[in-house]
Each structure stands twice: as structure tokens, then as C-alpha cells.
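To keep things clear, I will list the structure first and then write my remarks on it.
Derivation of every value follows stated rules applied to the coordinates shown; laboratory data play no part. Values in this document were obtained by computation on a predicted structure and should not be read as measured data. Every residue, glycine among them, receives a Cβ derived from its backbone with ideal geometry; neighbour counts consider all protein chains shown.
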Amino acid sequence: MSINRRTAIRQLVLISAGAALVPSCFHDQNEKDGAKETIDPGIQRLLEELTATLIPTTDTPGAKEIAAHLFVLKMLNDCATADDRSKFQKGLKAFDAAAIKMAGKDFVHCTPAQRESLLSAVEAKKLPDTDLNFFYFTTKRLTVLAYSSSQYYLTKVQVYELVPGRWHGCVPVKAQSSQAA
């Protein structure tokens, strides 16, 4: 079997490119430079209930059905600074402590009326904790973003069309009247 120089160089380039790309296929997709924070199921449940309270399920799916709490966690992990993640964690604990103080139980076990009163107090900024306010308003903003960019919303509620829109090539053009000039 004889190999010419072009074939040998082509195979060498392909093998080198493959060897350079293979390590990128085996890294953990959930890690971001070692900055991934583990979230325990209790915190995840609290976020799930908070997002479900913000956008409840009615005759349309709510935030719980589109997993907005996972979107919030993903955005914080991928896009927020370490300082913002720290403030978020502190605010989350302060939020749960405020729920215990107002209702006598944690937010997950509160009734819908107790949840509404707590959220109304936070919205009115009656609770002066800055970390709690950062947590709540960040969660609210990201929940609305998750819902308004979900597949359900973009296909059923606000139907998304690519810009510049539809082109109707078969529409006859009407002649302009001379009175318009």
C-alpha cells in the first residue's frame, strides 16, 4: 500500500484535530470553572413554590409546569457573579425566615393567602432586608423571563414570528386613483 504526501498530511491534520476536540467532549456540562453551587432539594422546592405563586396555574400552564425555578437556578449559576449568588442565597434564607416570622411556618407549607400577604409585604418593601429584596426581585424578574420565553407562551399566547413577518406574493396591487395626487 502506497501513500502519497497529500493523503498523509490530510490524515495527520484530521487526527490532530480530533485529538484536540476529544477532551472537550468529556467535561461536566453542569460545571462552570468550578463555580457550580449545589442546591439542596429544600431550596429547590421553595423556589418552585415561589415561582408557582408568582405565575399560578389557571386554565393555562403556570411557572411550575414550565420549570421556571430551574431556569432561575441556571441563570444564576451561569450569568450571575459570585457576589450576586451569595446575596441570593442569603436573601433566600431571609425570605424563608420572614415567612416563618409572619405565618409561623416556612413558605412551602404556607396557605395561598399567607403566601400572598408575604409577597405583598415584600413588594411594598415593608421588609427592609436588602438581601431578601434582591432575592425576591431577582426571582420575580427571572420567572417572568422564563415564562415569556417558554415554548408554551411563544406558541400559544404571543405567537412568535420571525422579522420581517410574512410575505404575501399573491396579493393583487390596486391601481392608485388620480384624485389622491
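Sites listed here are chymotrypsin sites (Phe, Trp or Tyr not before Pro) in region 59-164 whose DSSP assignment is loop and whose Cβ has at most 15 other Cβ atoms within 10 Å: 160.
The GluC sites (Glu not before Pro) of region 98-166 that DSSP puts in a loop, and whose beta carbon has at most 11 other beta carbons within 10 Å, are 161. The phi torsions of region 59-75, fed into the Karplus equation with coefficients 6.51, -1.76 and 1.60 and a -60° offset, translate into couplings of 6, 10, x, x, 5, 5, 6, 9, 6, 5, 5, 5, 5, 4, 5, 5, 5 Hz, rounded to whole numbers, with Gly and Pro shown as x. The helix-based estimate of mean residue ellipticity at 222 nm for the chain, built from -39,500 (n - 2.57) per DSSP H run of four or more residues and divided by its residue count, is -17500 deg cm²/dmol to the nearest 500. Compared with the alpha-carbon gap, the fully stretched path from residue 14 to residue 58 is longer by 10.3 nm at 0.36 nm per residue.
Taking DSSP loops as anything outside H, G, I, E and B, show the longest stretch in the chain free of trypsin sites (Lys or Arg not before Pro) there with at most 14 other beta carbons within 10 Å. With trypsin sites (Lys or Arg not before Pro) excluded where exposed in loops, the chain gives 37-104 as its longest stretch. Normalising the average separation of contacting C-alpha pairs (under 8 angstrom, six or more residues apart) by the number of residues puts the relative contact order of the chain at 21 percent. Among the listed values (i) 10.0; (ii) 24.5; (iii) 11.0, the one matching mean projected area of the Cα convex hull in nm² as calculated from this structure is (ii). Taken about its Cα centre, the chain carries a charge dipole of about 640 debye when Lys and Arg each add +1 at the Cβ and Asp and Glu each add -1 at the Cβ.
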